Each structure stands twice: as C-alpha cells, then as structure tokens.
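Beneath this line is the structure, given in structure tokens, with notes to follow.
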Amino acid sequence: MVTIHETELKEAILLGIEKAREQGRPFLVSEVQKVGTLEALSFFDSGRTDFFGERFYWRDPDGGFSIAGLGIAAQLSSDLGNGRFSYIGRSWNELIQGGIVVNPFKQAGLGPVMFGGFSFDPLKQKTTLWSKYPDALFHIPRFMVTVAGGAAFLTTNVVCTKHDGVSLFNKVARERESLLRNFAAPTNVEVPHLDEIEEIGAGEWKETVTEAVKQLQEGPLKKVVLARELRLHFNKEVESGPILRKLEQEQKTSFIFSFESGGDSFIGASPERLIKKRGHTVRSACLAGSIPRGKNAEEDTLLGNLLLSDEKNLEEHQYVVDMIRDAMEETCERVDIPDRPQLMKVRDIQHLFTPVEGIAKDSASLLDMVEKLHPTPALGGLPKEAAVEKIRELETLDRGFYAAPIGWMDYAGNGEFAVAIRSGLIQGKEASLFAGCGVVVNSDAESEYLETRLKFRPMLSALGGIKE
C-alpha cells in the first residue's frame, strides 16, 4: 500500500477556497507526491469501474515515460471550426493562471497536465460515430500517475470554488485513499472473441482512389490521403486495459495511448511523433512511405533497401520533410534535418523516417506548433489546405480524432503529441479501426487497398483479429 501525506494538500485546498472567495473565480490546486513503484497502466486498470469513461493513458516509444489519469477535475473543449487550438491554449492558461501547485520535482508531466486531442477536420460533416468527442477535447485528471526516470509520482488536481469548504478536502482525501488502498496488479482479462470483421465500403473506397488519381493528373494537387474503416463485432464488451497491454508487447517502438470520453475509448499505437517540447528543445518526425517487414532478416533487409530506393515513396516522404521544415522554421530559432531518410522498423511495417530537431522561439507554445504541423502531408496531402478540402469532398469516413494530434501538455509548457494513426475507437461490443494511404498521380487503387490492410494489422492483432 502507498503511504500518502495529506497535510500539504489540505493546506493548498483551503488556500484555493480562500482565493476563490476573494477573486470570485475557481482556482486550480495541484499537489505532487513521489509514490515509489506504481505502474501507470495498472493505475489505469484500477479505475475501470469507478472512473470508466474518464481515463487516459500514454506511454512513449522507449517505455521510459508513461502517464495515466483517472477522473476529470476540469475539462476543456471546443467545437469551433477555426481557432480551436488558440481557444484551448487560452482556456488552459486561464485555468493554471495563479493556480496553487505543490510540486518540488523537476520532471516534465507532473502537476497540472491536460491530455486529449483534436479532430482531423472540424469542417467535415459529423456522424454519430464520433459523437462523444468534440473537435477539441482535453481532460485535466483528478488523479494521475506519472512514471519517469524509473520513479512514480502521484498528482492530485482539485478545482476549488467560493462555495467549497473543508468537506472538499475530506472528499478528495477519501477518494484518493480508496483508490490507492484498492490498487492492485491488473486481473487477467482476456480480449473478447472477435465474431465479425466488416469492411465499410471497400469497393467504393477503391473507386474513390481511382477518381482521386484522375483529379491529381488534371489539377494542382500533388497528393491526397484517403482513409477507410473496418468495423469489428465482438461477443462481449471490449475493455481497454488488455488491449493496451498487448499493444505494449507488440508495438514497443510506438506511442501507446487511450483516451476515454462518455464511455467510448480512442486507442492506438502510433509510430509517428508530431511534436515533443522540453523547455526550448523540440523534436518532430517525418514519417511517410511504407513497406511490409520480411519473413526473415535477409528478406527484411531486401524490402528495406527497396523502400529506400522507391521513387514514389521517396517523393511522398520529401513532401513531408519540406512541409515540416517550413512549419518548424516559423516557430523555431534553428531547425536541423538530415539530408536522407532512414528506416523505422515496427512489428508489421517499416517506414521511411527522418528525425527533426529544433530550438523553439520564446513566443512559441507547444499548441502553436501542433496547429502549424497538423495535418502533415503524410495524413492530409499537399498543398495542405487544398488536400484537406479534397478529403472533405471525396472521403465518406468521419475521421474524428483519427490521423489528428493526440497527447499532453503540462503547466510549464512541456509536452508531446503524436499523430493518432494505427488506431481504433472502441464502443462497447464494437470497434472501428482506421487506416489510410497517400494517393499520388501514379497510385493504383488495388495497391493502396493492400497498403491499408497492412496498416490495420497492429490494431487487428491487439484485438484478436490476426492469429500468428
């Protein structure tokens, strides 16, 4: 059992209530304690009953950093077609302004943290598929475990109002004590049996690819990314925890994430970083161009070398490099990008990959960078605005949060966002999986269809749809 000292939290909450009464507005109180050896994913699992629909999870590719949040102390959301990034940024700054933060530690990802993401295209006509997720949605958790540098930290966040009293502290203390007392290693829950895999409009999608190629040959667009959906049907409700554990086992070099809203869970294993910020140091990644892994080392090397010399894939990759360079130069004092791509090998796929590093300007926030980078040509196309308009016109899929930024930011401005690919939306006994591919003038509909099948594999495997 984890021992927690309550004195500082009580004093901070009472001060927060006093400030709320003086200034007539809510005050955020956040307290951090080091708690030993808690595992973030086990903490996530422990909230599956009391906090279902109010959880998030994140693990970075090297496994050295993970966070899990339970409950919602505050929520930031927007359905603005334009200005949603700046709206979330302003709302976050207002929430943390003058907040009382008890945090003696230096690690990023402690104290007040908002976790969430944005939809791919706020102007796309909405469907019921993504009804639980507005165009921008972020949660500030009531309780959060951060594992960084081999240590675990527990953050407690409370929003105090002028109407609160000491009973607020008593309520939070009881909740936290109960949560930690009942904390245990996850039960061995099996993934439900997959009864049916339904391809949504596969034939229509191929026709759309063919039409897109024709329009690319006739017009100014260089590339447009088209995505499609698989709908999975199970014999019972799907629990996120076992899926996350399987993704961690099988997709070790990816960002593993889950973000719940209203009972739905958006979950995935993305190989693609959009942006990471620590102080003024920023990192991004160019990821475009893919080919399967080989059945043995010799075949794997052969396929990798084929990808590194493939004209279509190299051209697609360069589009991404050029766009990310331009976007980063707007917000950075310096940007460093290698001249040639290398290979990133994940379990089922190998990609062309170019790392990007930079030094951010003093005026540039993490959300400024997210806005300028989204969507990259790997997920939208080129030119950016025209490609998104073409997707809106041709694609029948409501992408929601698929292929869009998902991640976290702390009160010091540190954070990280990934591009939410290799992902799915779990809804009770069903789940939708999403995959897309870049269409250029020499694309072939059947080849692009096979590429999407390859990109479905990570989530299909985690959900029991691929038997090795």
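The values are calculated or read from the model by the stated rules, or taken from the named source; none is laboratory data. What you see is a predicted model, and the numbers here were worked out from it, not measured in a lab. Methodologically, a virtual Cβ is constructed for each residue, glycine included, from the backbone with ideal geometry; neighbour enumeration extends over all protein chains shown.
When the test is whether a residue is more than 17 Å from the chain's Cα centre (by Cα) and at negative phi, Arg59 does not pass it.
Quick one: would you say Leu397 is touching a strand residue (DSSP E or B) at 6+ places or on another chain (Cβ under 6 Å), farther than 19 Å from Lys277 by Cβ and among the hydrophobic types (A, V, I, L, M, F, W, C)? For Leu397, the condition - touching a strand residue (DSSP E or B) at 6+ places or on another chain (Cβ under 6 Å), farther than 19 Å from Lys277 by Cβ and among the hydrophobic types (A, V, I, L, M, F, W, C) - is met.
Of Leu433, Leu352, all but one fail to be in the same structural domain as Gln251 (by TED's automatic domain parsing), surrounded by 21 or more Cβ atoms within 10 Å (Cβ to Cβ), of a type in the set (A, V, I, L, M) and closer than 28 Å to Gly53 by Cβ; the exception is Leu433. Exactly one residue out of Ile96, Ile17 is under 30 Å from Ala364 (Cβ atoms) and either surrounded by 19 or more Cβ atoms within 10 Å (Cβ to Cβ) or not charged (D, E, K, R) (or both): that is Ile96. Arg399 passes every criterion in (1) in a loop (DSSP other than H, G, I, E, B); (2) charged (D, E, K, R); (3) farther than 28 Å from Glu239 by Cβ apart from (3).
Residues that are under 25 Å from Gly380 (Cα atoms) and surrounded by 20 or more Cβ atoms within 10 Å (Cβ to Cβ) occur in the range 230-237; there is at least one.
All told, Thr301 falls short of being under 29 Å from Leu123 (Cβ atoms) and either in contact (Cβ under 8 Å) with a residue 40 or more places away in the chain or part of a helix (DSSP H, G or I) (or both). When Phe118 is tested against (1) surrounded by fewer than 24 Cβ atoms within 10 Å (Cβ to Cβ); (2) within 30 Å of Leu394 (Cβ to Cβ), exactly one condition is not met: (1). Restricting Glu311, Glu299 to those that are more than 16 Å from Val356 (Cβ to Cβ) and at pLDDT below 90 reduces the list to Glu311. Being in a strand (DSSP E or B), assigned by TED's automatic domain parsing to the domain that holds Ile256 and either closer than 20 Å to Phe255 by Cα or among the acidic types (Asp, Glu) (or both) is true of Glu357.
Of the residues making up the range 419-439, those that are modelled with pLDDT of 95 or more, part of a strand (DSSP E or B) and over 11 Å from Ala403 (Cα atoms) are Leu425, Ile426, Gln427, Glu430, Ala431, Ser432, Leu433. All of (1) part of a loop (DSSP other than H, G, I, E, B); (2) closer than 16 Å to Asp264 by Cβ; (3) not basic (Lys, Arg) hold for Pro104 with one exception: (2).
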